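Working notes for the structure below.
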Amino acid sequence: MNSPSPRDTFNCRDSLALPAGSYSFFSLPRLARTFPAVGKFPYSIRILLEAVLRAESSGEATRKEVEDFLSYEPQAPGDIQIPFVPARVLLQDFTGVPCVVDLAAMRSAVASLGGDPGKINPQIPVDLVIDHSLQVDHYGASDAAAKNVEMEFRRNRERYEFLRWGREAFSNFSVIPPGGGICHQVNLEYLARGIHENSQGVSYFDSLVGTDSHTTMINGIGVVGWGVGGIEGEAAMLGQPVYFLTPDVV
């Protein structure tokens, strides 16, 4: 069944025809016709505004929250709260495993109530990078990396078997195994996307929240990334907005 079309409360939905096809998006220049101040927002704030506008269109944010954001003053951000719905979530192994455990527990609870446990999945793409905790036992030799990964699998076999189950059981969930690189490296070189497209056919900027301390390094290639704790990361996984105050832009 197709998802319902998003609302266009602010009359700013537009489309772009390219050789690969036609793409729908929420246009900030069209929004600026009614709210001229948008044209003076810093670019990073415009990306957040598009995310909040899109969240309002799908019912995850209110019209008032968008209107409050539209009163943003670059020189005095104030105390406006933003309901930010990221495009994806980045997890490292320390916080990622408990998140997968919670999803598994939710499936168990749904099954015990007679429901379909297969309906319990992350609502947005989630990537879990394991190498965050890789220990260095061998070094100074050409086979050191292979030996370290081998020891890592021996030490954490049960944990990795559980994550492999999660990768196969859940939609919108991927696991980057040991040996693939650490979080910010994998995020920058492999996971980052310029544009996403959701089930409603709307294209939007890549953005994320992540539980690794180096999540914000993704800003180096123009992708907005926010470092959060495990609770906020899990809330984002379940489709809930992450609330924070409008940031200062240096």
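Sort Y139, Y243, Y204 by heavy-atom solvent-accessible area, probe 1.4 angstrom, most to least.
Numbers: Y139 180, Y243 105, Y204 25 Å².
Greatest to least solvent exposure: Y139, Y243, Y204.
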Checklist line | Accessible-area value, I130, 1.4 Å probe, nucleic acids and ligands omitted, Å² | finding: 10 Å²
Next item on the list: Mind checking the per residue accessible area of the chain for me, 1.4 Å probe, whole number of Å²?
Entry: 53 Å²
Check: For region 197-250, what does the alpha-carbon gyration tensor say about shape, rounded, prolate or oblate, given a ≥ b ≥ c as the root eigenvalues, a/c under 1.5 as rounded, and a/b over b/c as prolate?
Finding: oblate
Checklist line | Formal net charge of residues neighbouring V110 (Cβ-Cβ distance under 10 Å; K, R +1; D, E -1) | finding: +1
Next item on the list: Mind checking which aspartates and glutamates have their Cα closer than 20 Å to the Cα of K119? Skip sequence neighbours fewer than 8 apart in that chain.
Entry: E60, D102, D127, E168, E234
Note to self: In whole Hz and in residue order, list the ³J(HN,Hα) couplings for region 201-212 that follow from phi through the Karplus curve 6.51 cos²θ - 1.76 cosθ + 1.60, θ = phi - 60°; x for Gly and Pro.
What the structure shows: x, 9, 8, 7, 5, 5, 7, 7, 10, x, 9, 9
Next item on the list: Please compute the net charge surrounding A61, taking Lys and Arg as +1 and Asp and Glu as -1 over other residues with Cβ under 14 Å from its Cβ.
Entry: -2
Next item on the list: Could you check which residue among A141, A32, A169 shows the biggest mean-square fluctuation in a GNM of the chain with a 10 Å Cα cutoff?
Entry: A141
Check: Quick one: Karplus J couplings for region 107-120, per residue in order, coefficients 6.51, -1.76, 1.60, θ = phi - 60°, nearest Hz, x for Gly and Pro?
Finding: 4, 4, 5, 5, 4, 5, 8, x, x, 9, x, x, 7, 8
Next item on the list: Tell me which label goes with the value of Rg and Dmax of the Cα atoms in Å computed from the coordinates here: (1) 17.9, 56; (2) 20.2, 63; (3) 18.4, 53.
Entry: (2)
Notebook entry, point to check: In debye to the nearest 20, how big a dipole does region 140-250 give about its Cα centre with +1 on each Lys and Arg Cβ and -1 on each Asp and Glu Cβ?
Noted result: 300 debye
Next item on the list: Would you compute, from DSSP H runs of 4+ residues alone, the mean residue ellipticity of the chain at 222 nm, taking -39500 (n - 2.57) per run and dividing by the full residue count, rounded to the nearest 500?
Entry: -10500 deg cm²/dmol
Notebook entry, point to check: Which stretch or stretches of region 222-250 have amide N atoms under 14 Å from the point lying 7 Å from S44's Cα along the Cα→Cβ direction?
Noted result: 222-227, 245-250
Checklist line | Quarter of Cα convex hull surface for region 1-85, i.e. mean projection, nm² | finding: 6.5 nm²
Checklist line | Between region 35-93 and region 223-250, the alpha-carbon center distance in angstrom | finding: 12 Å
Check: For S199 and S112, FRET efficiency with R0 = 30 Å and r from the beta-carbon atoms, rounded to 0.05?
Finding: 0.55
Next item on the list: Measure off 7 Å from each Cα along the Cα-to-Cβ vector at T9 and Q81, then give the distance between these two points in nanometres to one decimal.
Entry: 1.6 nm
Notebook entry, point to check: With the dipole of the chain worked out from charges on the C-beta (+1 for Lys and Arg, -1 for Asp and Glu) around the Cα centre, which of I231, F162, Q123 lies farthest toward the positive end?
Noted result: Q123
Margin query: In the chain, if the dipole is taken from +1 on Lys/Arg beta carbons and -1 on Asp/Glu beta carbons about the Cα centre, which of T95, S27, V209 is farthest to the positive end?
Written below: S27
Margin query: With +1 on the Cβ of every Lys and Arg and -1 on the Cβ of every Asp and Glu, and nothing else charged, how large is the dipole of the chain about its Cα centre, in debye rounded to the nearest 20?
Written below: 500 debye
Item checked: Integer Hz, Karplus 6.51/-1.76/1.60 couplings in order for region 9-23, x for Gly and Pro -> 4, 9, 6, 10, 6, 9, 9, 10, 8, 10, x, 7, x, 9, 10
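With a 1.4 Å probe and every protein chain kept in, tell me what percent of the accessible surface of region 1-71 is carbon plus sulfur.
Values: 2190 of 4000 Å².
C and S fraction of accessible area: 55 percent.
The values are calculated or read from the model by the stated rules, or taken from the named source; none is laboratory data. Values in this document were obtained by computation on a predicted structure and should not be read as measured data. With ideal geometry, Cβ positions are generated from the backbone for all residues, glycine too; neighbour counts draw on all protein chains shown. The accessibility values were calculated without ligands, DNA or RNA, using every heavy atom of the protein model including side chains. Shrake-Rupley method; radii C 1.70, N 1.55, O 1.52, S 1.80 Å.
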